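Written out below as structure tokens is the structure these notes cover.
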Amino acid sequence: MKTVITIAQLRAEVQGWRSEGERIAFVPTMGNLHAGHFRLVQEAKKAADRVVVSIFVNPTQFGEGEDFGSYPRTIEKDSSGLIEMGADLLFLPAVEEMYPGGRELVTFIEVPGVSEMLCGECRPGHFRGVATVVCKLFNMVGPDLALFGEKDFQQLAVIRKMVKELNIPIEIQGVPTVREKNGLALSSRNGYLSVNEREQASLLSRCLSDAKEAILAGKLSIEVIETAQIERLKEAGFKPEYFSVVRCSDLKRANSDDMELVILAAAQFGVPRLIDNLSFNR
Ligand code: PAF
């Protein structure tokens, strides 16, 4: 695996493969890679001849007081993991390479609707930063296909909408969440939890499955089910931000005739803010 740090080097590498007619997959990440990211690389390898991975902790998607400065940066370990997984190219740009004009002069991509609720409400500007950096990376790499984890369900919805509405010719593939044995969704921020806390944090995924069962049983209203799970999380020491049953298509409140649903949840537990989701048909 080759590592490049400039856009020019990245384009030269990709251009070489393109001229051979090779299909290129792209996995954007912020590093501190875990089995969830490696699953993305594995799926990328199945779908393309070449796999490009980026590691860039993107400042524009972090809000005031969030963990941009302390976000875990583990480049050497990440790089060996990617070599083992058979990635072809690692793009490792500095902030100045990605945002040469500084943060104030950035042209942003806004994706209205799906960006505004849930995490968008709790983290204003977050999805604007995500859409902008992903669009920039897409323009730099120019892949046929890009892969994203379904754990960030709302992020995936934002990116799908951006690609569709800006006519970006890249196929977007969602990849199922990888979980610990106890159900906890893997996340780079789980590193902020002790072993004991990781066990307790797995309650979030159980709340999602229990809410799904309750919805399918059809005896209680969605509001009652959401409130019960929020209370359960609070009693266990979580600080829930939302626990919402919405429709998969546009993340708006589910009506009784909506069949494709997703339950999305976010809660602070100790240091990290955890997110998880469960989609299903009724
Ligand atoms: O999901 C992430 O790790 C980031 O939001 C992404 C997509 C790499 C953009 O910085």
### Query
Quick check: is even one residue across segment 221-229 within 27 Å of GLY65 (Cα to Cα) and over 25 Å from the mean Cα position of the chain (by Cα)?
no
### Task
Six or more apart or on different chains, Cβ under 6 Å: which pairs go from a residue in segment 39-55 that's acidic (Asp, Glu) to one that's at pLDDT 95 or above? Could you list them?
GLU43/LEU147; GLU43/VAL175; ASP49/GLU22; ASP49/ARG23
### Task
Filter segment 264-282 down to residues that are more than 23 Å from TYR71 (Cα to Cα), part of a strand (DSSP E or B) and open to solvent by 30 Å² or more (accessible area, probe 1.4 Å), then give me how many there are.
3
### Task
With the condition kept exactly as written, say whether any residue in segment 242-263 is in contact with a Gly (Cβ under 9 Å, 6 or more places away or on another chain), within 20 Å of PHE148 (Cβ to Cβ), of a type outside the set (D, E, K, R) and part of a strand (DSSP E or B).
no
### Query
With respect to the numbered conditions (1) within 16 Å of the ligand (Cβ to nearest atom); (2) closer than 20 Å to THR3 by Cβ, which one is the sole condition not fulfilled by ILE83?
(1)
### Query
For segment 177-229, how many residues are farther than 20 Å from PHE153 by Cβ and in a loop (DSSP other than H, G, I, E, B)?
8
### Query
Quick check: anything in segment 101-123 away from the ligand (no atom under 15 Å from the Cβ), hydroxyl-bearing (Ser, Thr, Tyr) and touching a helix residue (DSSP H, G or I) at 6+ places or on another chain (Cβ under 9 Å)?
yes
### Query
Just wondering, is there one or more residues in segment 144-154 that are in contact with a Lys or Arg (Cβ under 9 Å, 6 or more places away or on another chain), of a type in the set (Gly, Ala, Ser) and within 13 Å of the ligand (Cβ to nearest atom)?
yes
### Task
Please specify each residue of segment 52-70 satisfying the condition of being under 10 Å from HIS126 (Cβ atoms) and more than 13 Å from the ligand (Cβ to nearest atom).
GLY63
### strands (runs of 3 or more DSSP E) fully within segment 1-90 counting 1 or more residues that are surrounded by fewer than 19 Cβ atoms within 10 Å (Cβ to Cβ)
2-4
### Query
What's the number of the condition ASP258 fails, among (1) more than 24 Å from the chain's Cα centre (by Cα); (2) more than 22 Å from VAL111 (Cβ to Cβ)?
(2)
## Note on the structure
How many residues of segment 91-115 are surrounded by fewer than 14 Cβ atoms within 10 Å (Cβ to Cβ) and outside any helix (DSSP H, G or I)? The answer is 9
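The values are calculated or read from the model by the stated rules, or taken from the named source; none is laboratory data. Owing to the predicted nature of the structure, the values given are computational and were not obtained by experimental measurement. In this analysis, Cβ positions are derived from the backbone assuming ideal geometry, glycine residues included, and neighbour counts consider all displayed protein chains. Areas reflect the complete protein model, heavy atoms only, side chains present, ligands, DNA and RNA absent. Shrake-Rupley method; radii C 1.70, N 1.55, O 1.52, S 1.80 Å.
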